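**Q** So that we are looking at the same thing, I have put the structure below in structure tokens.
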Amino acid sequence: MSVLTIGIYGALFVITPEYVRSLIEELMDILSKEKNVQDLNSNCTLFIGDIHGDYSSWSIIRRIIEEKNALTIFLGDYVDRGANSLEVITEIMEMKNSDPRKFILLRGNHETRDINEYYGFLWELRRKFPSSFATLYTMFNELFSQMPAVAVIDNIRVLCLHGGIPIQVKSVDDLRDLPKGQIDVDDPILLQILWNDPDDSIENYAPSPRGPGIYIFGRKIFENFMRNSELQYLIRGHTYLPEGFRYFFNRKLLSIFSPLNYVGSKVKGKIAMFCNDDLEVIDLLKHK
Ligand SMILES: [Mn+2]
């Protein structure tokens, strides 16, 4: 059983379970050696928000990545929601394997078994690989659990993660010993990095409507954490934004959202680039 897909150059290519398995094994070897907090240095960096299995968005993002030829940080949520999680994650794995230091794959809250069991990825694998989905699904989730949660670009003092600041944590140094692994209630810090959201209307923090153990964080939490960490900007994904981006906290936090189609809605998907001290939001619809 295999899946026939139209590639970005209009060519047909085939994804077989054996090929996916080989990509996962190669990437597992790379990710298992990466620390949970990635320290990086780069004058130009691309930031990619949630893609959520939307191939129409990914084909544009991929072309921009190839054009810019810069360090690229994915902020997580590659899978679920859209119809092409398998194709998207397969091509991102190919990219990462081809040049592991140029592409950083951070973990999103959908890169967890508790979530991707219910929001499309498991169902998609079952449909596309009816005889081998179970093994691949397990392998994918072991791979996801080895994705780092945080990246810091030291020279420009930019922090990257999927969700937000965990409320009990004072600085990024306190995250350096945080283990990777499965998310559970015993691991509230990793859970919050993947799930929390910023909120301009509060100072401290409040329970999140997303569920128990998850918080929205306000200006004071953000500013204290950033000051203690000697960091300037936070770039993150996670929040559904129809315009594809939004600034919080005096433009020190940039939230980006990168699909063009999201559960039946059209999104003005954006990615971002930080180059020579300039933070630019890139409109995917202008690169169609
Ligand atoms: Mn998310």
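Just so you know, all these numbers are worked out from the coordinates, no wet-lab data involved. Predicted model only: the values in this text are computed from it and were never measured. When we count neighbours, we look across all protein chains shown, and the Cβ atoms used for this are built from the backbone with ideal geometry, even at glycine.
**Q** Using 0.36 nm per residue, how much length does the chain from residue 142 to residue 63 gain when fully extended, once their Cα-Cα distance is taken away?
**A** Details: separation 79, 0.36 × 79 = 28.44 nm, distance 2.88 nm.
Length gained, residue 142 through residue 63: 25.6 nm.
**Q** Rounded to whole Å and sorted largest first, list the principal axis extents of the Cα atoms in segment 210-288.
**A** 41, 40, 15
**Q** Follow-up. Over the chain, what number does the Rg to Rh ratio reach, with both radii from the alpha-carbon atoms and Rh per Kirkwood?
**A** 0.94
**Q** Mind running the shape call on segment 85-162? Use the C-alpha gyration tensor, a ≥ b ≥ c as the square roots of the eigenvalues: rounded below 1.5 for a/c, prolate if a/b tops b/c, oblate otherwise.
**A** The shape class here is prolate.
**Q** Among 58, 195, 123, determine the one that fluctuates most according to a GNM of the chain built with springs between C-alpha atoms less than 10 Å apart.
**A** Highest fluctuation among the options: 123.
**Q** If I fit a long axis through the Cα atoms of helix 17-31 and take the longest principal axis of the Cα atoms of the chain, what angle between them do I get, 0 to 90°, rounded to 10?
**A** Approximately 30 degrees, to the nearest ten.
**Q** According to a simple spin-label model (label point 7 Å from Cα along Cα-to-Cβ), what is the distance in nm between residue 99 and residue 240?
**A** Calculated label separation equals 3.5 nm.
**Q** Estimate the FRET efficiency between residue 41 and residue 118 by the formula 1/(1 + (r/R0)^6), using the beta-carbon distance for r and 45 Å for R0, to the nearest 0.05.
**A** After rounding to 0.05, the efficiency reads 0.70.
**Q** Please give the Cα centre distance for segment 100-146 versus segment 172-236, rounded to the nearest Å.
**A** Here the answer is 24 Å between Cα centres.
**Q** Under a crude label model (7 Å from the Cα following the beta-carbon direction), how far is residue 250 from residue 228 in nanometres?
**A** Rounded to a tenth, the inter-label distance reads 1.9 nm.
**Q** Once every DSSP H run of n ≥ 4 in the chain is given -39500 (n - 2.57) and the sum is divided by its residues, what mean residue ellipticity at 222 nm do you get, rounded to the nearest 500 deg cm²/dmol?
**A** Per the formula, -9000 deg cm²/dmol.
**Q** Shifting gears a bit: With both partners inside the chain, how many of the DSSP beta bridges are antiparallel, as a percent to the nearest 5?
**A** 55
**Q** In angstroms, what radius of gyration and Dmax does segment 187-239 have, counting Cα atoms only?
**A** My reading of the Cα-based Rg and Dmax gives 11.0, 31 Å.
**Q** Let me ask something additional. Mean separation of Cα pairs under 8 Å and 6+ residues apart, divided by the residue count of the chain: what relative contact order is that in percent?
**A** 20
**Q** Report, ordered by chain and residue number, the lysines lying within cross-link reach of residue 286, taken as a straight Cα distance under 23 Å and ignoring same-chain residues fewer than 8 apart.
**A** Correct list for residue 286: 68, 266, 268, 270.
**Q** Excluding same-chain residues fewer than 8 positions from residue 180, which lysines have a Cα within less than 24 Å of its Cα?
**A** Once the sequence-local lysines are set aside, what remains near residue 180 is 33, 35, 96, 102, 170.
**Q** Also, I was wondering about something else. Using 0.36 nm per residue of separation minus the Cα-Cα distance, give me the extension gain between residue 56 and residue 28 in nm, one decimal. Please list the in-between numbers first.
**A** Working: separation 28, 0.36 × 28 = 10.08 nm, distance 2.70 nm.
Going from the current span to full extension adds 7.4 nm.
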